[in-house]
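So the structure is just underneath, and the comments pick up after that.
The values are calculated or read from the model by the stated rules, or taken from the named source; none is laboratory data. The structure presented is a predicted model; accordingly, all values stated were derived computationally and were not measured. Here the Cβ is made from the backbone with ideal geometry for all residues, glycine too, and neighbour counts use every protein chain on show. Note: areas computed on protein heavy atoms with side chains; ligands, DNA, RNA excluded. Shrake-Rupley method; radii C 1.70, N 1.55, O 1.52, S 1.80 Å.
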Amino acid sequence: MLALPLNSQNLPYPDPLHPIIVHFVIAMVLFSFVFDVVGYFTHNSRLFEVSFWNLLVASAAIFLAVIFGQFEAGLAQIYTAVQSTLNFHTIIGWSLAVLVVAIAAWRFVIRNRNPRKVPPAYLGVATFLVCLVLLQVYLGSKLFWVYGLHVEPLVQAMKQGV
């Protein structure tokens with residue numbers, strides 16, 4: 001098997017890529033939601049177009065985020081306290097990937113039927129999506145800031161058996 005040389009963060013490249021891609025996806029989903037809500041109340045159909053394209057790009061980028069997340073989780077120094085949070089973060093991540101694509105497909109149908117309107121039911125589902133994204137942000141932040149995954153001092157301490 002091919003052994004990759006790992007750096008002080010236990011990664012084969014300079015910095016974790018998962019958070020970089022994830023922040024892009026988070027921004028796209030949140031912007032999509034905000035543009036839909038503002039467009040709904042202002043009746044500005046151009047905002048619906050911006051929302052659609054943000055969601056479409058997010059639905060492609062989220063798979064890169066999940067793939068890099070899986071890869072980097074596999075390289076992380078996992079200890080007992082972190083396991084349940086990491087497992088929940090992984091399940092929510094894969095669920096979000098499917099959900100974002102499904103909602104983007106629904107948004108595509110809505111756009112083709114009437115590009116000047118978004119139904120309230122869609123906004124309700126989009127609100128649920130935003131809540132899941134915010135939960136995922138919390139879990140990811142906890143993995144980094146509380147549990148220290150891919151943080152150099154923790155990686156070095158784990159290698160020394162501390």
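Suppose we keep only residues that are under 18 Å from Arg46 (Cα atoms) and either at pLDDT 95 or above or charged (D, E, K, R) (or both) within segment 115-125. Which one would you say is most open to solvent (accessible area, probe 1.4 Å)? Steps first, answer last, please.
Residues of segment 115-125 under 18 Å from Arg46 (Cα atoms): 115-120, 122-123.
Restricting the remaining residues to those that are either at pLDDT 95 or above or charged (D, E, K, R) (or both) gives 116-120, 122-123.
On the way: Arg116: 166, Lys117: 135, Val118: 7, Pro119: 50, Pro120: 84, Tyr122: 3, Leu123: 22 Å².
Only one residue tops the list, namely Arg116.
In segment 62-85, which residue that is open to solvent by less than 20 Å² (accessible area, probe 1.4 Å), in a helix (DSSP H, G or I) and not β-branched (Val, Ile, Thr) is farthest from Trp145 (Cα to Cα)? Spell out the reasoning first.
Taking segment 62-85 as the starting set, the residues that turn out to be open to solvent by less than 20 Å² (accessible area, probe 1.4 Å) are 62, 65-66, 69, 72, 76, 82, 85.
Checking which are in a helix (DSSP H, G or I) leaves us with 62, 65-66, 69, 72, 82, 85.
Those left that are additionally not β-branched (Val, Ile, Thr): 65, 69, 72.
Working: Ala65: 19, Gly69: 16, Glu72: 16 Å.
Only one residue tops the list, namely Ala65.
Screening Phe108, Phe128 for residues that are more than 28 Å from Val155 (Cβ to Cβ), over 19 Å from the mean Cα position of the chain (by Cα) and open to solvent by 60 Å² or more (accessible area, probe 1.4 Å) leaves exactly one candidate, Phe108. A single member of Ser59, Ser141 is surrounded by fewer than 18 Cβ atoms within 10 Å (Cβ to Cβ) and assigned to a helix (DSSP H, G or I), and it is Ser141.
So that you can scan it fast, the table gives a plain yes or no per residue for (1) modelled with pLDDT under 95; (2) hydrophobic (A, V, I, L, M, F, W, C); (3) open to solvent by less than 60 Å² (accessible area, probe 1.4 Å); (4) in a helix (DSSP H, G or I):
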{"site": "Leu4", "(1), (2), (3), (4)": "yes, yes, no, no"}
{"site": "Tyr13", "(1), (2), (3), (4)": "yes, no, yes, no"}
{"site": "Ile21", "(1), (2), (3), (4)": "no, yes, yes, yes"}
{"site": "Leu30", "(1), (2), (3), (4)": "no, yes, yes, yes"}
{"site": "Trp53", "(1), (2), (3), (4)": "no, yes, no, yes"}
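Pairing each residue of segment 82-102 that is acidic (Asp, Glu) with any residue that is open to solvent by 70 Å² or more (accessible area, probe 1.4 Å) and part of a helix (DSSP H, G or I), provided the two are 6+ apart or on different chains, yields no C-beta distance under 7 Å. Touching an Asp or Glu at 6+ places or on another chain (Cβ under 8 Å) and open to solvent by less than 30 Å² (accessible area, probe 1.4 Å): does that describe Phe48? Spelling it out, Phe48 is indeed touching an Asp or Glu at 6+ places or on another chain (Cβ under 8 Å) and open to solvent by less than 30 Å² (accessible area, probe 1.4 Å).
Return yes or no: is Ser8 more than 24 Å from Val151 (Cα to Cα) and touching a helix residue (DSSP H, G or I) at 6+ places or on another chain (Cβ under 7 Å)?
Values: more than 24 Å from Val151 (Cα to Cα): no; touching a helix residue (DSSP H, G or I) at 6+ places or on another chain (Cβ under 7 Å): yes.
No, not satisfied.
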